[in-house]
Each structure stands twice: as structure tokens, then as C-alpha cells.
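Asker: Got a structure for you, questions after.
The values are calculated or read from the model by the stated rules, or taken from the named source; none is laboratory data. None of these values were measured; they are calculated from a predicted model. All Cβ positions, glycine included, derive from the backbone under ideal geometry; neighbour counts span all protein chains shown. Each accessible area value is taken on the protein alone, full model and side chains, heavy atoms only, with ligands, DNA and RNA left out. Shrake-Rupley method; radii C 1.70, N 1.55, O 1.52, S 1.80 Å.
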Amino acid sequence: MNMQKINYGLGRRDITPSVPVSLAGYFNTRMYTNILDRIECRAVVLRSEGKQFLLLQFDLLCVDSELYEKVRERIQDLKVFKADNILMTATHTHTAPDYRKSCLARNPDYMKFLLDQAEAAVREAVNDSREGTFSSTVTSDGRFLFNRRYWMKNGKVLTNPGKLNPEIDRPEGVTDPEIPMLAICNSYGAIQVLFANIVNHADTIGGTEVSADWPGFFRRSLEKDFGPESMVFPLIGASGNINHFDVSTERNQTCYEEARRIGLGYAETVRFSLETLQKMPSFEFKICAKEFDVAPAEVSAEELQVARETLEKYKDEPDIRTLKTDLTSEDLVSGKPAVLKYFAQNLLDIASHTDPFRCRLCGLDLGSVMIASLPGEPFTEIGLALRKKIFKDKICFVVTHSNGLSGYIPNVCCYGRGGYETEVRSNPYEHSFAEKLEQAWTEMSKELEFK
């Protein structure tokens, strides 16, 4: 069988901090104290028919607009890369440096280091040239994921309501256990690159120690199998309402061993499924992109009044960003005053934002496989709409935390039910954002048919 070849290049750099930085992911400042495992950025450039597509992944919480734009500035001399063929994404680990401007402990030295390393990884990939063939399959693993929003017996929805909470009625929504897989193999059939699209949060450790969380265990385990020249991309799917907490058990699920259990568990599933990979004797190479504006969230007069009253009521509470103990969504559920104060200020800050947000989508259509980006933390139903409706005839990778926007993107039906993801203080976007994303990808899917 004559196999169509894909030309590709790989690059990677270590982005583990060596200067004082706070870790991202919780409400408070968390200056890092130790390194549990090293974090990195990975780049792959795919080339075919005179076209190129760059996928750059960071072991970070997100890729915000500043990081996206500054990396693009660094590689602007590589004129082949435009907004339509660059997909920058993050694994969403909550134990990596917070480089964002909103961080009180932001360290400009780390930001420069991060940009230097990202640029070096991309240039390494651009200068690298290898040939291989594609194989693809879909596997499934539902052991580690749960819809974290629950209908309570009082008719409201709570996010992370706590383990063994007797007031829990049922999960609000579904999960997505399927794991699309795409491999690039060399002439001997050995895997050199593996993309695996997993729907789950990377927030299993807490504390102040640097780690890539379960995606790191997943990646390192498989790269050990494939060899030192290999590269594994754990691409995070739509998991804004998904995490690893099993509320039916008291088991401690906030620790490094939990990251190991989940990462190695997913690696075990993928490893077992490698024998089901199907060779792709031919493929297409169609690139698509779309940009559009998203309006900021509308804040009601009542919400503004409640926020002001909350700030006044808890004016003597400390700024939680200065506290040394981890503060998370569970503390919001329990009504911890410092957290309520923080979110009240957040709401007022969001209300002052009147400019639209720029959403950038891009994708790569390989014929039987589709790689589609989404910004921020969309709920899993949004990812399922792409995978099971818009691209139902393809193996569809939905790659979130991509290309510049962060924050939750709930389903329209979830607004007004409860749960902090749907509230203005946690979600700065108009309620119709999810519908706009589905509409944009529907339009792009039709455009791809004529390319």
C-alpha cells in the first residue's frame, strides 16, 4: 500500500521556573516552593501541499491574549505562520506559573523566559524536517471524569458541592469519555508523535509545588515507551464542567498521587488502544479560521448592588490573593467571606469592561480527522456538538484553552440555575457565546467542503 507522507518538525523547551513566581489556578497568591516535575512547551509543525500548520502547547493554566500575541510577534519573521494556521493551547495545569497581568506576584523575568523558550521551540520545529504517516483511532475511558455541577435537592445547581454531601440529587449534565487519537509513525511503524484528546480538568494537586499534573504523567509514560525522539500531546477537551472528583467517596483526590493515578491510568488506556490505530493511506490538508467579537457580560443593577453590599459587609476581610492557604470554588460554595469579597470585586471589575472580546478559531481538516480549537473552558456539551454533530463523520479533536481567551463558557441553558461558572464574576462573556461558537464552526465546516 502506498502511504501518503506527512512532513513534520518537532521542538520542545523546558519552562520550569527558576525565579520567584506564583502558581495559577486558585484565587490566592501561591509562590512556588518546590518542583515536583518539570514543565515544558511543545511545538509541532505539520507540512503538506505547500501549507503549514503550527500547534504549540504549554504546560500552563491557559493561553491568554497577551501570551498569544507576544509569541506571534516573536515569530513574525516566519511569514508562513498567520492567525489562521497557529493553534496555541495549554494543558490547564493548576500548578504552573501565573504569568498573567492580573497576578499580584507576576514576575516579568519569567514572562521573558517563557517567551524565549516558546520562540526557541517553534524555531526548532520549523528547522526540523521528518517524514511519517498518519494513523488514527478512538478509545474511551470514563474512570476519572465526573460532571462537577450537581442538581441539589433544593432545586439549585452547585459546583463542587463536596464529597458525600447528602443534599446532592444528580449531576446536571453529561461527561465525554471518548479519547480521539492521532499518531505519526516512521517508516518502521514506530510512533514518533501522538495526539490524544482527553476531556478532564488538570487540577489534582493543589499546594505550592510546580507540576504538569496528570497530563505530565500521561505524556512522560508514553514517551518512555515510544523513545527519546518521540513527542506526546495531551490535548485537553471541553471540560469546563468536568473534573476528577468522585463525590460518592471520601478518598483524598487532591494530592500528587492522584495526578499519578489519573495520568498513568489514561496512559494505560491509550497504550492498550494503540493496536486499534488505523493507517490513513491518504489525507487532506485543509486549514480554516474565523474571528469574531464576543460582547462582555451584561451586569444587572441588582447584581451590582449586591456586589457593593458584599464589599461593604466584608470590607475588613483580607484580599484573598495575599493569603497563603489555597482558596478554591469549594470555599465559594461554603460562603467563606474573603472569597465572597473577592468575587464581588471581580463582578464590579467585569462590569467596567465595555470592549468586546476577540475570539480566534482555527482548525486543520485531514479528511477523516478534524482538529478544531475552542477558547477558554467550554462546557463538555459544546465539545460534543462539534464532535457528534458538526463533524460527526470525522474523528474530531476539540482543543480548548486556545488562542487567547480564558474563562468559562457555559451552555446557554445553564444560566440561572446556580454554580459559579455561570455567574458574571466568573464568566465575563455574553450568554450566547456557546451558540456563537457552534455557529462559527458550522459555517467553517461548510466552507471546508468547498476547499
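Asker: Which log10 I(q)/I(0) values does segment 236-297 give at q = 0.12, 0.13, 0.22, 0.30 Å⁻¹ under the Debye formula, counting every alpha carbon as one identical point scatterer?
Answerer: Ignoring solvent entirely, the Cα scatterers give -0.68, -0.76, -1.05, -1.29.
Asker: Let me ask something else. Within the set of other residues whose C-beta is less than 10 Å from the C-beta of Glu209, count the net charge using Lys and Arg as +1 and Asp and Glu as -1.
Answerer: Summing Lys/Arg as +1 and Asp/Glu as -1 gives 0.
Asker: For the Cα atoms of the chain, what angle does the longest principal axis make with the long axis of helix 108-127, in degrees from 0 to 90, nearest 10?
Answerer: The two axes meet at around 20 degrees.
Asker: Place a +1 charge on the Cβ of each Lys and Arg in segment 157-239 and a -1 charge on the Cβ of each Asp and Glu, then give the dipole magnitude about the Cα centre in debye, rounded to the nearest 20.
Answerer: About 200 debye.
Asker: Given (i) 20, 45, 26, 9, 0; (ii) 25, 60, 14, 0; (iii) 28, 63, 9, 0 as candidate values of P(r) over Cα pairs in 20 Å bins from 0, in percent, which corresponds to the one derived from the coordinates?
Answerer: Here the calculated entry is (ii).
Asker: If you don't mind, there's one more thing I want to ask. Can you give the local net charge around Leu274? Use residues other than it whose beta-carbon is closer than 12 angstrom to its beta-carbon, Lys and Arg +1, Asp and Glu -1.
Answerer: Net charge in that neighbourhood comes out at -2.
Asker: Same structure again: Please state the charge dipole magnitude for the chain, taken about the Cα centre, from unit charges on C-beta atoms (+1 on K and R, -1 on D and E), reported in debye and rounded to the nearest 20.
Answerer: 680 debye
Asker: Set the bar at 23 Å for Cα to Cα. Now go through Lys290/Lys392; Lys70/Lys389; Lys79/Lys290; Lys153/Lys436 and name every pair that lies beyond it.
Answerer: Beyond 23 Å: Lys70/Lys389; Lys153/Lys436.
Asker: Residue by residue through segment 67-73, which ³J(HN,Hα) values in whole Hz follow from phi under the Karplus form 6.51 cos²θ - 1.76 cosθ + 1.60 (θ = phi - 60°), with glycine and proline marked x?
Answerer: 4, 4, 5, 6, 5, 4, 4
Asker: Just how large is the dipole of segment 387-437 about the Cα centre, in debye to the nearest 20, putting +1 at every Lys and Arg Cβ and -1 at every Asp and Glu Cβ?
Answerer: I would put it at about 300 debye.
Asker: Also, I was wondering about something else. Report the semi-axes of the equivalent ellipsoid for segment 371-446 in whole Å, largest first, where each axis is √(5λ) for an eigenvalue λ of the Cα gyration tensor.
Answerer: With the √(5λ) rule applied to segment 371-446, the semi-axes are 22, 13, 10 Å.
Asker: Under a 5 Å amide H to amide H cut-off, with H placed in plane at 1.01 Å, what residues pair with Phe233 once short-range neighbours are removed?
Answerer: Leu194, Phe195, Ala196
Asker: Here's another thing I want to ask about it. Find how many whole Å separate the alpha carbon centroid of segment 1-31 from the alpha carbon centroid of segment 74-144.
Answerer: Cα centroid to Cα centroid, the span is 5 Å.
Asker: Also: Quick one: which residues, 5+ away or cross-chain, put their amide H under 5 Å from the amide H of Thr139? H built at 1.01 Å from N.
Answerer: So Thr139 has HN proximity to Ile179, Met181.
Asker: Considering the dipole of the chain built from charges on the beta carbon (Lys and Arg +1, Asp and Glu -1) around the Cα centre, which of Gln305, Gly50, Cys62 is farthest to its positive end?
Answerer: Most positive-ward Cα: Gly50.
Asker: Among Leu347, Ile371, Phe391, flag the residue with its Cα farthest along the positive direction of the charge dipole of segment 344-417, charges on Cβ as +1 for Lys/Arg and -1 for Asp/Glu.
Answerer: Positive-most Cα among the choices belongs to Phe391.
Asker: If you fit an axis through the alpha-carbon atoms of helix 433-449 and take the longest principal axis of the Cα set of the chain, what angle between them do you get, 0 to 90°, nearest 10?
Answerer: Roughly 10 degrees between the two axes.
Asker: Of the heavy-atom accessible surface of the chain (probe 1.4 angstrom), what whole percent is carbon and sulfur?
Answerer: About 50 percent, which is the carbon plus sulfur part of the accessible surface.
Asker: Which chymotrypsin sites (Phe, Trp or Tyr not before Pro) in segment 346-451 pass both tests, a DSSP loop state and at most 12 other beta-carbon atoms within 10 Å?
Answerer: Hits after loop and neighbour filter: Phe450.
Asker: Now, a different point. Taking θ = phi - 60°, what integer Hz values does the Karplus form 6.51 cos²θ - 1.76 cosθ + 1.60 yield along segment 151-160, in sequence order, with x for Gly and Pro?
Answerer: My calculation for segment 151-160 gives 5, 9, 5, 8, x, 9, 9, 10, 8, 6 Hz in order.
Asker: How much of the calculated P(r) for segment 69-210 lies past 22 Å, in percent of all Cα pairs?
Answerer: In whole percent, the long-distance tail amounts to 64.
Asker: When ligands, DNA and RNA are left out and all protein chains stay put, how many square angstrom of accessible area per residue does the chain have with a 1.4 Å probe?
Answerer: Heavy-atom SASA per residue in the chain reads 40 Å².
Asker: So how tilted is helix 256-273 from the main axis of the chain? Cα-based, degrees 0 to 90, rounded to 10.
Answerer: 30 degrees
Asker: With θ taken as phi - 60° and the coefficients 6.51, -1.76 and 1.60, list the Karplus ³J(HN,Hα) couplings across segment 172-184 in order, rounded to whole Hz; mark glycine and proline as x.
Answerer: 6, x, 9, 10, 9, x, 5, 10, x, 10, 9, 10, 10
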